[in-house]
1. Amide H to amide H, which residues 5 or more places from Ile79 or on other chains are under 5 Å from it, using H placed in the peptide plane?
2. Treating the beta-carbon of each Lys and Arg as +1 and of each Asp and Glu as -1, no other charges, what is the dipole magnitude of the chain about its Cα centre, to the nearest 20 debye?
3. Sort 21-29, 108-116 by the packing proxy (mean of other Cβ within 10 Å over each peptide's residues), most packed first.
4. For region 160-210, restrict the atom set to alpha-carbon positions and state the Rg and Dmax in Å.
5. When the Karplus curve 6.51 cos²θ - 1.76 cosθ + 1.60 is applied with θ = phi - 60°, which whole-Hz ³J(HN,Hα) does each residue of region 70-86 get, with x for Gly and Pro?
6. Binning every alpha carbon pair distance of region 84-136 at 10 Å from zero, what are the percents per bin?
7. Give a quick list of GluC sites (Glu not before Pro) in region 1-104 that DSSP marks as loop, anything other than H, G, I, E or B, with at most 12 other Cβ atoms within 10 Å.
8. Along region 23-29, what does the Karplus equation 6.51 cos²θ - 1.76 cosθ + 1.60 (θ = phi - 60°) give for ³J(HN,Hα), rounded to whole Hz, x for Gly and Pro?
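Just so you know, all these numbers are worked out from the coordinates, no wet-lab data involved. Everything numeric here is computed off the predicted structure, so don't read it as measured data. Counting neighbours? That spans all protein chains shown, and the Cβs are built from the backbone with ideal geometry, glycine included.
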Amino acid sequence: MSLSVHSLCKRFSSNTPVLNTVSFDIDDGELVTITGPSGSGKSTLLHCIAGILKPDSGRIWVDGNAIQDRKPHLRSIGIVMQDQPLYEHLSVEENVGFPLRACGETKLDIAQRVSETLGSLHLSNIANRRASKLSGGERRRVAIGRATIVKPRILLLDEPLVSLDQELKESIAMLIRRVHDEIGATTLFVTHDQHEVNDFGGSVVTMEELNSNTPKKSPLNPKIQG
């Protein structure tokens, strides 16, 4: 699905906007890295697109349809957030299958799709382990599985490699690319790490840590507008 953001604004307690007239266009199936310093509004932007936060003004379109007033579960958007909130008392397979149960899928369909997802993420051997017992890298894979099992048309990843050692970073980055290719989702990958920007590839949107947080047009991708 194509994604368009136009003049998006979001304020919190102060009068200074976190997002100030943010605008850009992303093509269907494109992989885009969003970068910028801490406080520049990267996470806020993803949360507005996903419906976790409601923007104060502006428009969000998916395939030409305005979605900023839709409930999150009606947007066909998967999100992996930086703090990896999992249901700590549930097992790996229960966490990954939760979105399907919430949608009312049959037990047979859930079991089959969870099995396939766990296999693709190399989680089958810890399917029964509780989330509270997982390592950082395992939590990231579970979060990715939970976000992608419904086959979203747009996938949002908020600092998915933060606080991981180099080996795990490379492993999770390869996994994200593979998942992106397999489900064909338009993917936004947020990072403040310039090395990740260079290594991950794709197009780049840069946000400024100023009162105006409008993404600059990247010379790597003239299709993205600011």
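1. Leu156
2. Details: 26 positive and 27 negative charges, 122 e Å.
Dipole of the chain, to the nearest 20 debye: 580 debye.
3. Values: 21-29: 17.9, 108-116: 14.9.
Going from most to least packed, we get 21-29, 108-116.
4. When restricted to Cα atoms, region 160-210 yields Rg and Dmax of 11.7, 37 Å.
5. Taking θ as phi minus 60°, the curve returns 7, 5, x, 6, 9, 9, 6, 10, x, 9, 10, 8, 4, 8, 6, x, 10 Hz for region 70-86.
6. All Cα pairs, binned at 10 Å, distribute as 27, 55, 18, 0 percent.
7. Values: sites: Glu30, Glu88, Glu93, Glu94; in loops: Glu30, Glu88.
Filter output for region 1-104: Glu88.
8. Result, ordered by residue: 9, 6, 10, 10, 6, 4, x Hz.
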